[in-house]
1. Restricting attention to the stretch 100-119, which residues are touching a residue at least 12 places away in the same chain (Cβ under 8 Å), farther than 20 Å from residue 46 by Cα and out of contact with any helix residue (DSSP H, G or I) (no Cβ under 8 Å at 6 or more places or on another chain)?
2. Looking at (1) farther than 17 Å from residue 84 by Cβ; (2) within 17 Å of the chain's Cα centre (by Cα); (3) not in a helix (DSSP H, G or I), which is the one condition that is false for residue 48?
3. How many residues are within 11 Å of the chain's Cα centre (by Cα) and among the small types (Gly, Ala, Ser) if we restrict to the stretch 109-148?
4. Can you confirm whether residue 59 is part of a strand (DSSP E or B), among the aliphatic types (A, V, I, L, M) and closer than 22 Å to residue 106 by Cβ?
5. Just give me the residues in the stretch 1-50 being more than 17 Å from residue 140 (Cα to Cα), exposed (fewer than 15 other Cβ atoms within 10 Å of the Cβ) and aliphatic (A, V, I, L, M), in sequence order.
6. Within the stretch 101-138, take every residue that is among the charged types (D, E, K, R) and modelled with pLDDT of 95 or more and give me the one that is surrounded by the most Cβ atoms within 10 Å (Cβ to Cβ).
7. Find all pairs meeting these conditions: Cβ atoms under 6 angstrom apart; at least six residues apart or on different chains; first residue within the stretch 120-142 and closer than 11 Å to residue 47 by Cα; second residue among the β-branched types (Val, Ile, Thr) and in a strand (DSSP E or B).
8. Is it true that residue 60 is at pLDDT 95 or above, out of contact with any Ser or Thr (no Cβ under 7 Å at 6 or more places or on another chain) and surrounded by fewer than 16 Cβ atoms within 10 Å (Cβ to Cβ)?
Amino acid sequence: MHVHEKPTFESNYTVQGGNFDEAGKVASQIKVILKKLGLQTDVVRKAALVAYESEINIVSYARKGTISISVTPGQVKIETTDEGQGIPDINLAMQEGYSTATSKIREMGFGAGMGLCNIKKFSDYFQITSEIGKGTHLKMIINIENGV
């Protein structure tokens, strides 16, 4: 496997902050695409979960953001960039159950403080960077085991 393989599929999606009616739609589209590409069920499940949690974070905490997906024969790469407040303490934000969600977000069933933990757990590679007042960038890779 070469690190710089030509993508077999790539796309970018815009996510509007605060629009909970649309939350999860990008992740659903990604799941459909990955199934059509014939990827293994566990790869599709992990990628859909990572995309969903990322999308919910953008909707909950940012003005807007983008989700990019790139699929090569060896991996599914998902990157998100949002225009939000940024995360002051990434180590704290990575702790299970830690959340800065408002009561409104919690009432809708979101903001349990498991999003970033789940993203990291279901990614083979996870990187997070955040700048206060600018936003947050996530990079996740799910490996595809060929011939399985």
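1. Selection gives 108 alone.
2. (3)
3. 2
4. Working: part of a strand (DSSP E or B): no; among the aliphatic types (A, V, I, L, M): yes; closer than 22 Å to residue 106 by Cβ: yes.
No; evaluated as a whole, the condition is false for this residue.
5. Within the stretch 1-50, 1, 32, 37 qualify.
6. First pass over the stretch 101-138, keeping only residues among the charged types (D, E, K, R): 104, 106-107, 120-121, 124, 131, 134.
Checking the rest, the ones that are also modelled with pLDDT of 95 or more come to 120-121, 124, 131, 134.
Details: 120: 17, 121: 14, 124: 13, 131: 12, 134: 13.
Of everything passing the filter in the stretch 101-138, 120 is surrounded by the most Cβ atoms within 10 Å (Cβ to Cβ).
7. 124/141; 124/142; 140/78; 142/76
8. On the way: at pLDDT 95 or above: yes; out of contact with any Ser or Thr (no Cβ under 7 Å at 6 or more places or on another chain): yes; surrounded by fewer than 16 Cβ atoms within 10 Å (Cβ to Cβ): no.
So residue 60 does not fit the description; no.
The values are calculated or read from the model by the stated rules, or taken from the named source; none is laboratory data. Source: prediction; values computed, not measured. All Cβ positions, glycine included, derive from the backbone under ideal geometry; neighbour counts span all protein chains shown.
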